[in-house]
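Peer 1: Quick one: structure below, then a few questions.
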Amino acid sequence: MPLTAVDLPDPRPVPQAVKKFVAEADLRIERFQMKSRCPAFVPSDYAGAYAVLRGLADASLIRGNRFCEWGSGFGVVTGLAAMLDYEAYGIEVEPDLVTQAQLLAEDFGLSAEFARGSFVPRAAESNVCAAGEYAWLTTDGDDSYEELGLEIDDMDVIYAYPWPDEEDVTAKLFERYAGAGAVLVTYHSAGEGFRVRRKVERKKKR
């Protein structure tokens with residue numbers, strides 16, 4: 001099933017509560033990076049991510065409200081999804097980041113769940129490994145989906161901030177395993193910003 005671009009409405013002002021959450025997250029991330037070394041973690045554009053998720057919800061552009069962040073890091077985008085009343089989940093392989101994400105969500109009273117492991121499903125591990133080597137993408141770790149009690153095709157919106165060498169495989173994983181109608185939101189720091197794509201069924205040839 002191919003991926004097609006999704007057009008979003010113009011962004012609305014960011015609520016004060018969201019600004020406060022992002023500011024606190026930025027402060028904690030700065031402190032964490034001064035004390036800990038986790039080079040695979042790079043903060044995303046959180047205000048931009050909030051605008052995209054809000055636009056999808058406000059314009060009824062999603063089939064449901066179940067959200068999953070692939071490589072959730074500090075859990076900021078997952079937390080923002082929870083603030084928008086998504087059923088929010090995050091998957092992260094680094095245990096220290098999972099702990100920080102859980103603390104951040106708890107301190108703000110957000111209903112978000114985090115699983116430690118790889119977002120690559122077990123069925124796709126061999127294909128991912130055969131496609132080449134990546135700077136940080138790994139198939140190691142626990143079965144995150146089993147821990148969450150869900151599958152990829154249960155997710156209505158998936159968010160990821162892939163490294164450049166992971167962009168193609170991230171899109172292919174979504175295209176292969178996400179459910180029809182699901183939306184993939186990816187952030188690309190090299191000037192492209194956000195891409196929002198939907199998985200659609202191919203038209204049958206007559």
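Taken together, the values in this text are just the output of simple stated rules run on the coordinates, not laboratory data. None of the values given here were measured: they were computed from a predicted structure. Here Cβ is always computed from backbone atoms with ideal geometry, including for glycine, and neighbour counts include all displayed protein chains.
Peer 1: Could you check what % of the DSSP bridge pairs in the chain are antiparallel, to the nearest 5?
Peer 2: Once the DSSP bridges in the chain are tallied, antiparallel ones form about 30 percent.
Peer 1: Could you tell me the distance between the Cα centroids of region 1-64 and region 156-206, to the nearest Å?
Peer 2: 16
Peer 1: Per residue, how big is the convex hull of region 3-199 when only Cα atoms are used? Give it in Å³.
Peer 2: It comes to 113 Å³ per residue, whole-number rounded.
Peer 1: Now for a different question. If you take every residue apart from Glu106 with its C-beta less than 14 Å away from the C-beta of Glu106, what net charge results, scoring Lys and Arg +1 and Asp and Glu -1?
Peer 2: -2
Peer 1: Quote to one decimal, in nm, the extra length available between Ser189 and Leu27 on full extension: 0.36 nm per residue of separation minus the C-alpha distance between them.
Peer 2: 56.2 nm
Peer 1: Continuing with this model, one more query. Could you pull out the longest piece of the chain with no exposed loop GluC sites (Glu not before Pro) in it, calling a site exposed if DSSP puts it outside H, G, I, E, B and it has at most 14 other Cβ atoms within 10 Å?
Peer 2: 1-132
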